[in-house]
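The values are calculated or read from the model by the stated rules, or taken from the named source; none is laboratory data. Predicted model, so just to flag it, every value in this text is computed and none were measured. Cβ: placed from backbone, ideal geometry, glycine included. Neighbour counts: every protein chain shown.
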Amino acid sequence: MMTRNHRQEGLCRAYVRTIAAQAGVLCGQPDPDYGIDLLLRAVAVDSRRRRDVSVQLDLQLRSTTRANLTESAVAYDLNVDTYNDLRIPGACPRILVVLVLPERGTWGQCKLSVFPWARVASGEFY
């Protein structure tokens, strides 16, 4: 049987891929992974065909049962190196996606929280 961490990671990837499919964006996975777990790319429609328009959003995924939730925020303990990696300016914006799972019971009832790291770099994140 897979470890609990690997199961949580797999569930988070599947959850984000499901949302991306519903939104109609491409979802890819860098191989190997150097801090970006998934990437999303925009698709445009030109008359009768669709094309990748090279607009990309990089995602760092986390899944936890130990986050503090309020109506407007999720407090999650992220290690400093990962935090700093997300803040490095690059060609694509990066965001942290945190899947909050219940401690016990079914993992089918989860809440997805997305925080843009641009807010972190400007000092607005707490």
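Taking (1) over 14 Å from Val100 (Cα atoms); (2) in a strand (DSSP E or B); (3) within 17 Å of the chain's Cα centre (by Cα); (4) touching a residue at least 24 places away in the same chain (Cβ under 8 Å) in turn, Thr82 satisfies each apart from (2). Just checking, how many residues over the stretch 93-126 are at pLDDT 90 or above and more than 28 Å from Arg7 (Cβ to Cβ)? The total comes to 1.
Inside the stretch 11-38, can you point out the residues that are aromatic (Phe, Trp, Tyr) and under 11 Å from Gln60 (Cα atoms)?
Of everything in the stretch 11-38, just one residue is aromatic (Phe, Trp, Tyr) and under 11 Å from Gln60 (Cα atoms), namely Tyr34.
Residue-wise test of (1) surrounded by 16 or more Cβ atoms within 10 Å (Cβ to Cβ); (2) among the polar types (S, T, N, Q); (3) within 16 Å of Ile95 (Cα to Cα).
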{"residue": "Pro32", "(1), (2), (3)": "no, no, no"}
{"residue": "Asp37", "(1), (2), (3)": "yes, no, yes"}
{"residue": "Leu40", "(1), (2), (3)": "yes, no, yes"}
{"residue": "Ser47", "(1), (2), (3)": "no, yes, no"}
{"residue": "Asp52", "(1), (2), (3)": "no, no, no"}
{"residue": "Asp58", "(1), (2), (3)": "yes, no, yes"}
{"residue": "Ala73", "(1), (2), (3)": "no, no, yes"}
{"residue": "Asp77", "(1), (2), (3)": "no, no, yes"}
{"residue": "Thr82", "(1), (2), (3)": "no, yes, yes"}
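Of all the residues in the stretch 60-69, those that are exposed (fewer than 12 other Cβ atoms within 10 Å of the Cβ) and either in a loop (DSSP other than H, G, I, E, B) or of a type in the set (D, E, K, R) (or both) number 1.
Does Val25 satisfy the condition of being at pLDDT 90 or above, over 18 Å from Glu103 (Cβ atoms) and over 16 Å from the mean Cα position of the chain (by Cα)? Against the criterion (at pLDDT 90 or above, over 18 Å from Glu103 (Cβ atoms) and over 16 Å from the mean Cα position of the chain (by Cα)), Val25 does not qualify.
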